[in-house]
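> Before we start, here is the structure in question, set down as structure tokens.
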Amino acid sequence: MSEPTVSLTGLCKSFGPVKAVTDVSFEVYPAEIFGLLGPNGAGKTTTIRMMLDIYRPDRGQIAVFGGRLDEAKKDRIGYLPEERGLYKDLKLEPTLVYLATLKGLDEATARKRLTGWLQRLDLWDHRHKKIQDLSRGMQQKAQIIATLIHEPDLIVVDEPFSGLDPVNTRLVMGIIEEQRQAGRTIIMSTHQMYQVEALCNRIVLINRGRSVLYGKVDEIKRNFAGNAVVVTGQGDFSQVAGALEARRENGAWHLALAPGVSSQDIFRALALRDDVKVERFEIAEPSLDDIFVSVVQGAGAGEAGNA
């Protein structure tokens, strides 16, 4: 395997008494889309900011492009933060040209590349508008252009699909996949698990400041097989003993199992109830949603139980 583009080992970061990151480690390689996942407040953004040298870790090692991040390496990175960072009272086109020059492009090259990006993302007719007059989705697409226009080798995107309708979501998914095919490294942080399943080949799940799940998506799903069941029938299956979460999709109930609970335990719990009638019961391949809930809520229940 080639040398990792990013390698983080044992990262720790506190802000006063608050431990934002306690122990995070992972590696990301060229030509892969890597999912950085976790609940709100888990430490994802702090990890990203340490990786990009915005914060300095209290402890741990960070290597980007084989070593310490310097100013030349920063020009090889494209970063899409969750919080929009565009100048709201300036016009779109000059703002994007200016941001491109900050990443080392000359103005003529920036304008040439920008034309193609604006046309592709349906922003050409809006290039003379102030950014504050653009819709939320248009602003998101503008930030995506700012992230990619200098053709970075490492792309870090935090909630890249925020504010996008289904058509533009599909367009941006295609753009991210194109970047991977071009050999670039993409780190994607998002709460939209179906996007992660569609795009990412490996993930890390951070919870309470620690890496708690790390590896290939298909292998993780195989390891969690049996941690979810699908039930159809008559009655309300939203509250079943032993299930962490129940959601209804296309007339079927998907139940995510709590740690230590088997599918047989769920089956017995349903058999004892008079208010439901089971018509179909099967073990499901868990989605990343199911795994996310099982790991995060399971950890919370475990810590509460140990308190």
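The values are calculated or read from the model by the stated rules, or taken from the named source; none is laboratory data. Fair warning: this is a prediction, and the values are worked out from it, not measured in the lab. Cβ placement follows ideal geometry from the backbone for every residue including glycine, while neighbour counts extend to all protein chains displayed.
> Take residues that are of a type in the set (Gly, Ala, Ser) and at pLDDT 90 or above and tell me which of the helices (runs of 4 or more DSSP H) falling wholly in segment 188-307 contain 1 or more. Outline the logic, then answer.
Values: elements: 193-199, 217-223, 263-271, 288-306.
Fully inside segment 188-307 and qualifying: 193-199, 263-271.
> Return the residues of segment 13-25 that are farther than 30 Å from GLU178 by Cα and in contact (Cβ under 8 Å) with a residue 60 or more places away in the chain; say none if nothing qualifies. Please lay out each step first, then the result.
Taking segment 13-25 as the starting set, the residues that turn out to be farther than 30 Å from GLU178 by Cα are 13-23.
Within segment 13-25, LYS19, ALA20, VAL21, THR22, ASP23 qualify.
> In addition: Looking at this structure, is SER262 surrounded by 13 or more Cβ atoms within 10 Å (Cβ to Cβ) and without any contact (Cβ under 8 Å) to a residue 60 or more places away in the chain? Spell out how you get there, then give the answer.
Values: surrounded by 13 or more Cβ atoms within 10 Å (Cβ to Cβ): yes; without any contact (Cβ under 8 Å) to a residue 60 or more places away in the chain: yes.
For SER262, the condition - surrounded by 13 or more Cβ atoms within 10 Å (Cβ to Cβ) and without any contact (Cβ under 8 Å) to a residue 60 or more places away in the chain - is met.
> Six or more apart or on different chains, Cβ under 9 Å: which pairs go from a residue in segment 38-62 that's in contact (Cβ under 8 Å) with a residue 24 or more places away in the chain and closer than 18 Å to VAL28 by Cβ to one that's in a loop (DSSP other than H, G, I, E, B) and among the aliphatic types (A, V, I, L, M)? Could you list them?
What qualifies is ILE48/ILE54; MET51/LEU69; LEU52/LEU69; ILE62/LEU69.
> While we're looking at this one, here's another question. Where residues in segment 52-82 are touching a Ser or Thr at 6+ places or on another chain (Cβ under 8 Å) and among the hydrophobic types (A, V, I, L, M, F, W, C), which of them is surrounded by the most Cβ atoms within 10 Å (Cβ to Cβ)?
The residue in question is VAL64.
> Taking LEU118 as the residue in question, decide whether it is surrounded by 18 or more Cβ atoms within 10 Å (Cβ to Cβ), outside any helix (DSSP H, G or I) and in the same structural domain as ARG76 (by TED's automatic domain parsing).
No, not satisfied.
> Might you check whether a residue that is hydrophobic (A, V, I, L, M, F, W, C) and surrounded by fewer than 18 Cβ atoms within 10 Å (Cβ to Cβ) occurs anywhere in segment 36-51? I'd like the intermediate steps shown before the answer.
As a first pass, look at segment 36-51 and keep what is hydrophobic (A, V, I, L, M, F, W, C): 36-37, 42, 48, 50-51.
Okay, now just the ones that are also surrounded by fewer than 18 Cβ atoms within 10 Å (Cβ to Cβ), so none.
For segment 36-51, residues hydrophobic (A, V, I, L, M, F, W, C) and surrounded by fewer than 18 Cβ atoms within 10 Å (Cβ to Cβ): absent.
> Answer yes or no as to whether LEU96 is in the same structural domain as MET188 (by TED's automatic domain parsing), farther than 19 Å from GLY10 by Cβ, in contact (Cβ under 8 Å) with a residue 40 or more places away in the chain and not in a loop (DSSP other than H, G, I, E, B). Give the steps one after another, and end with the answer.
Working: in the same structural domain as MET188 (by TED's automatic domain parsing): yes; farther than 19 Å from GLY10 by Cβ: yes; in contact (Cβ under 8 Å) with a residue 40 or more places away in the chain: yes; not in a loop (DSSP other than H, G, I, E, B): yes.
Yes; evaluated as a whole, the condition is true for this residue.
> Okay, moving on. Using the structure shown, decide if VAL28 is surrounded by 18 or more Cβ atoms within 10 Å (Cβ to Cβ), over 21 Å from GLY183 (Cβ atoms) and in contact (Cβ under 8 Å) with a residue 60 or more places away in the chain. Give the steps one after another, and end with the answer.
Working: surrounded by 18 or more Cβ atoms within 10 Å (Cβ to Cβ): yes; over 21 Å from GLY183 (Cβ atoms): no; in contact (Cβ under 8 Å) with a residue 60 or more places away in the chain: yes.
So VAL28 does not fit the description; no.
> Still on this structure, please answer the following. Go through segment 132-155 and report how many residues are more than 18 Å from the chain's Cα centre (by Cα) and within 29 Å of ALA72 (Cβ to Cβ).
Within segment 132-155, residues that are more than 18 Å from the chain's Cα centre (by Cα) and within 29 Å of ALA72 (Cβ to Cβ) number 8.
> Of all residues in segment 180-197 being out of contact with any strand residue (DSSP E or B) (no Cβ under 6 Å at 6 or more places or on another chain) and among the polar types (S, T, N, Q), which is nearest to LEU8 (Cα to Cα)?
My answer is THR190.
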